[in-house]
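Some notes on the structure that comes next.
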Amino acid sequence: MIIKTYCARMDHGGCGLRVHVEDGKIVKVEGDPDSPLNRGTVCGKGIAQVERLNHPDRLLHPLKRIGGRGEGKWERISWKEALTTIAERILHADRRSIAFAQGTPKGLELYMMIRLANLLKVPAVVTPGSICHMPRETAATITCGFFPVPDYDHPSSLVMVWGSNLFQTNEEGIIGSQLRRVLDRGAKLIVIDPRKTQLSNRADLWVQPRPGTDLALALGMLKVIVEDGLHDRAFVDQWTTGFPALQEHLKDFSLKAISEITWVPEEKITEAARLYARTRPACIQWGNAIEHNIHSVQTARALMILKAITGNLDSPGGNVNRPSPPTLRPGDFVQSRSFPEKREQLLAPEFRLAAMMGFTPSQTVVKAILSDKPYPIRMMYIQGGNPLLSYANAAETHLALKKLDFLAVAEIFLTPTAQLADIVLPTATNFEFDDMGHYGMPHGFLLARPKVVEPPGECLPDLLILNELGRKCGLGKFFWPDLRSCLDEVLNPAGVTYKDFKAMGILKGNWKYKSYERSGFGTPSKKVEILCSRLKDWGYDALPTYREEFSARDSDPHRMENYPLVLTSAKDPCYFHSAYRNLPSLRKLSPDPVVLLHPQTAEGLGVKGGDWVHIETQRGTILQKASLSPDLDPRVVVAAYGWWFPERQDLELSGWKESNINILTENDPPYEPAIGSTNLRAISCRVYKE
Ligand code: SF4
């Protein structure tokens, strides 16, 4: 039997799949040629899902810790005992001492978690938002009122890929095959990336900036476009505010200064700017990498301004507004009206953009657990997340998780973070429950992810676990008798049931170009706010401004002597954050954490390709295996991210610290001031042979 569904949980999802089922088991997964997004393509992770489903290490029953925290001694318990224990802990706690946390959201489960937190009046919902998607989403919203996505359905004449490696990693549901089709039709390509990737190889122009200087580079390109008069005057005059202020702002620095900051030759900045501005229509494919430093929001703002002043905003083939289909509004799903005082009670209300979205940057919960300021956090519930690997400053995160009075983790496998829990809840994967993709995301469609097989053992979907927890906490009237009722309620405004939706597969919104011509942009001025009124009111930079500061520790005057190299990182196409090192076919392709060095740098250090090397920052030291890359800048080191060793039971928490790049990263200020991003990508380091 073949069942059609959409991929999820292996990353953000988006690819239509044909799932082959025999005797109630999935035996094969392949791309669905009928899917309008991937049209039959599928990646290695998508295929390897079968190995995850039937993996011998899958958690199958709820577990209770019976030894010391992290000692690895567990007792099997019933779901009733597990949920009653968690509910009692919640009901007897000061609600401000609780934190709910989620890794990457995959379906509706984050919304269910926020709903439960709001109904319980728990203010701390911790997500990776400040370093993932939210800087771009909020910057776009305050600049033009929507999140513009590349219009790959229309033949763009040029794509500028900035900090994204779409051929190897899915970018929030926009998948590489969409970009490939546009390029195959002849679109020009500019790639902005410190690393020479598969995409850079194909580029008409590859720009290789110093890691962490994307904002300076974007400002340099704006300067060229504005001073050459290459902007779209009609659009700028009619639909933007603050252009004269931008013109003045761009006079404050020279292209030479930008070149010194970014390490990109002046001629190349000029060439990239002119090529982008003169080729219409053009879209920018921005990536998560631009959110990994303290300029995250302003970098996204600068790229928004590039899109707007070149007339590419909401134009066919540019970056467009894709309204979602009518569904239950996310704000109603999460019952935001039930907790109006939440914003004042957040751990870090000073991050106004994070507060606007109601989430807590991850470092603030770690600091609160350790310092009891601004108030103590004593209990956490984590689903689909592995903070020991994914939060900045892993050593401090480790101390914080160990200090908690109570930690519950809902997971598929016993990750290093789950190994520290008091209670572990076994969760179902996609394919094992009804869900939908892209709800609340700004791509303008919803994807049906119907259940294909029964989950193994006693595994339950996160959605159902939280639904039941809500009922156990006495909030039964706000939760559903079963998941289908929840899904039907979400889809009700679209006039379809989940059963109808399953048959449709995809539900699109009402997409139209240039909707601003009818109602203006969704900002206070109804225009694209080059000079951002919201940021100005809050006391932040109203125009994007680059400042040369990375981390407090990097202000050490001996930094260049002691730590002469610049460390950045890259995601591995075989994995998703810290997941899937235990899937044999993927691990075979990528068996070790690999750090890229320029051959000249390696020679100076006495290192050969294949040697294990120490990477050291002022925070700590890890080991990774050297690989030599002649295309890299000799001053730059690119380490692998998300590594632990599920097979190494001999190492503490399965090797959470040996090769984990977040042993090297910093979670102290300075942070991005409006959203709290930490600096993850431009860290002074040194490298030496093991
Ligand atoms: S690219 Fe993402 S959505 Fe597509 S098959 Fe791979 S893991 Fe699944």
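Output the number of the condition that S156 fails; it satisfies all remaining conditions of (1) surrounded by 21 or more Cβ atoms within 10 Å (Cβ to Cβ); (2) assigned to a helix (DSSP H, G or I).
Condition (2) is where S156 drops out.
Here are L653, L632, L623: which of them is of a type in the set (A, V, I, L, M) and in a loop (DSSP other than H, G, I, E, B)?
That would be L632, the only listed residue that is of a type in the set (A, V, I, L, M) and in a loop (DSSP other than H, G, I, E, B).
Condition check ((1) in contact with a His (Cβ under 9 Å, 6 or more places away or on another chain); (2) assigned to a helix (DSSP H, G or I); (3) more than 30 Å from T104 (Cα to Cα)) across all residues:
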site	(1), (2), (3)
F167	no, no, no
L179	no, yes, no
L189	no, no, no
K196	no, no, no
L199	no, yes, no
L217	no, yes, no
I225	yes, yes, yes
V236	no, yes, yes
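Just checking, does the range 382-389 include any residue being of a type in the set (A, V, I, L, M, F, W, C), open to solvent by less than 10 Å² (accessible area, probe 1.4 Å) and not in a helix (DSSP H, G or I)?
yes
Condition check ((1) without any contact (Cβ under 8 Å) to a residue 12 or more places away in the chain; (2) touching a strand residue (DSSP E or B) at 6+ places or on another chain (Cβ under 8 Å); (3) closer than 29 Å to Y391 by Cα) across all residues:
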{"position": "M1", "(1), (2), (3)": "no, yes, no"}
{"position": "R9", "(1), (2), (3)": "no, no, yes"}
{"position": "E51", "(1), (2), (3)": "no, no, yes"}
{"position": "R65", "(1), (2), (3)": "no, yes, yes"}
{"position": "K73", "(1), (2), (3)": "yes, yes, yes"}
{"position": "H92", "(1), (2), (3)": "yes, no, yes"}
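Would it be correct to say that H133 is of a type outside the set (K, R), in contact (Cβ under 8 Å) with a residue 24 or more places away in the chain, out of contact with any Lys or Arg (no Cβ under 9 Å at 6 or more places or on another chain) and within 16 Å of the ligand (Cβ to nearest atom)?
For H133, the condition - of a type outside the set (K, R), in contact (Cβ under 8 Å) with a residue 24 or more places away in the chain, out of contact with any Lys or Arg (no Cβ under 9 Å at 6 or more places or on another chain) and within 16 Å of the ligand (Cβ to nearest atom) - is met.
Can you name every residue in the range 440-460 that is in contact with a Leu (Cβ under 7 Å, 6 or more places away or on another chain) and open to solvent by less than 10 Å² (accessible area, probe 1.4 Å)?
L446, C459, listed by residue number.
State yes or no: is T299 among the β-branched types (V, I, T), under 18 Å from the mean Cα position of the chain (by Cα) and crowded, with 24+ Cβ neighbours inside 10 Å?
Spelling it out, T299 is indeed among the β-branched types (V, I, T), under 18 Å from the mean Cα position of the chain (by Cα) and crowded, with 24+ Cβ neighbours inside 10 Å.
Can you name the number of the only condition in (1) assigned to a loop (DSSP other than H, G, I, E, B); (2) closer than 27 Å to R89 by Cβ; (3) in contact with a helix residue (DSSP H, G or I) (Cβ under 7 Å, 6 or more places away or on another chain) that F431 fails?
Every listed condition holds for F431 apart from (2).
Let me confirm something: among L37, L91, which residue is among the aliphatic types (A, V, I, L, M), within 16 Å of the ligand (Cβ to nearest atom) and open to solvent by 10 Å² or more (accessible area, probe 1.4 Å)?
Criteria check complete, one pass: L37.
Results for (1) open to solvent by less than 30 Å² (accessible area, probe 1.4 Å); (2) touching a Phe, Trp or Tyr at 6+ places or on another chain (Cβ under 7 Å), shown as yes or no for each residue.
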| site | (1), (2) |
| --- | --- |
| G129 | yes, yes |
| P135 | yes, no |
| I142 | yes, no |
| Q178 | yes, yes |
| N201 | no, no |
| P209 | yes, yes |
| L215 | yes, yes |
| A218 | yes, no |
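With the checklist (1) out of contact with any Pro (no Cβ under 9 Å at 6 or more places or on another chain); (2) farther than 26 Å from F406 by Cβ; (3) open to solvent by 10 Å² or more (accessible area, probe 1.4 Å); (4) modelled with pLDDT of 95 or more in hand, flag the one item R378 doesn't pass.
Of everything listed in (1) out of contact with any Pro (no Cβ under 9 Å at 6 or more places or on another chain); (2) farther than 26 Å from F406 by Cβ; (3) open to solvent by 10 Å² or more (accessible area, probe 1.4 Å); (4) modelled with pLDDT of 95 or more, R378 misses just condition (2).
Please go through the range 271-284 and pick out each residue that is small (G, A, S), buried (at least 24 other Cβ atoms within 10 Å of the Cβ) and part of a helix (DSSP H, G or I).
Matches in the range 271-284: A273, A277.
Would you mind listing the helices (runs of 4 or more DSSP H) fully within the range 285-354 where at least 1 residues are at pLDDT below 95 and either of a type outside the set (A, V, I, L, M, F, W, C) or over 30 Å from D232 (Cβ atoms) (or both)?
342-345
Write out, first by first residue and then by second, each pair whose Cβ atoms fall under 6 Å of each other, whose residues are 6+ apart or on separate chains, and whose first residue, in the range 152-170, is modelled with pLDDT of 85 or more while the second is part of a strand (DSSP E or B) and within 16 Å of the ligand (Cβ to nearest atom).
Hits for this filter: V159/Q285; V161/Q285; S164/E171; S164/Q285.
Within the range 76-84, can one find any residue that is buried (at least 18 other Cβ atoms within 10 Å of the Cβ), on the phi < 0 side of the Ramachandran plot, assigned to a helix (DSSP H, G or I) and among the β-branched types (V, I, T)?
For the range 76-84, residues buried (at least 18 other Cβ atoms within 10 Å of the Cβ), on the phi < 0 side of the Ramachandran plot, assigned to a helix (DSSP H, G or I) and among the β-branched types (V, I, T): absent.
Of K588, K608, K571, K625, which residue is exposed (fewer than 15 other Cβ atoms within 10 Å of the Cβ) and closer than 30 Å to P56 by Cα?
Of K588, K608, K571, K625, the one residue that is exposed (fewer than 15 other Cβ atoms within 10 Å of the Cβ) and closer than 30 Å to P56 by Cα is K588.
Going by what's in this entry, would G70 be described as in contact with a helix residue (DSSP H, G or I) (Cβ under 7 Å, 6 or more places away or on another chain), open to solvent by less than 70 Å² (accessible area, probe 1.4 Å) and either in a loop (DSSP other than H, G, I, E, B) or within 16 Å of the ligand (Cβ to nearest atom) (or both)?
When the stated conditions are applied, G70 passes them.
Taking interchain pairs and intrachain pairs at least six residues apart, which have beta carbon atoms under 8 angstrom, with the first residue in the range 385-413 and hydroxyl-bearing (S, T, Y) and the second surrounded by fewer than 23 Cβ atoms within 10 Å (Cβ to Cβ) and assigned to a loop (DSSP other than H, G, I, E, B)?
From the range 385-413, the pairs are S390/H577; S390/G642.
Applying the selection to the range 593-620, what residues are within 26 Å of F576 (Cα to Cα), part of a loop (DSSP other than H, G, I, E, B), touching a residue at least 60 places away in the same chain (Cβ under 8 Å) and not charged (D, E, K, R)?
P593, T617, G620
Restricting to the range 355-367, and then to whatever is more than 17 Å from I294 (Cα to Cα) and surrounded by 23 or more Cβ atoms within 10 Å (Cβ to Cβ), can you tell me which residue is modelled with the lowest pLDDT?
Per the criteria, the residue is F359.
Within 24 Å of the chain's Cα centre (by Cα), closer than 30 Å to R301 by Cα and assigned to a strand (DSSP E or B): is that true of V638 in this structure?
In short, yes.
Just the residues that are open to solvent by 10 Å² or more (accessible area, probe 1.4 Å) and more than 10 Å from S156 (Cα to Cα), please, taken from the range 181-196.
R181, D184, D193, P194, R195, K196, listed by residue number.
Could you please find all residues in the range 40-67 being surrounded by fewer than 19 Cβ atoms within 10 Å (Cβ to Cβ) and away from the ligand (no atom under 16 Å from the Cβ)?
N54, H55, P56, D57, L60, H61, K64, I66, G67
For the range 10-31, enumerate the residues that are part of a loop (DSSP other than H, G, I, E, B) and either away from the ligand (no atom under 14 Å from the Cβ) or open to solvent by 10 Å² or more (accessible area, probe 1.4 Å) (or both).
Scanning the range 10-31 gives D11, H12, C15, D23, G24.
The values are calculated or read from the model by the stated rules, or taken from the named source; none is laboratory data. In this text, all values refer to a predicted model and were calculated from it rather than measured experimentally. Glycine also receives a Cβ, built like all others from the backbone with ideal geometry; neighbour counts cover every protein chain displayed. Remember, those area values only see protein heavy atoms, side chains included, never the ligands or the DNA or RNA. Shrake-Rupley method; radii C 1.70, N 1.55, O 1.52, S 1.80 Å.
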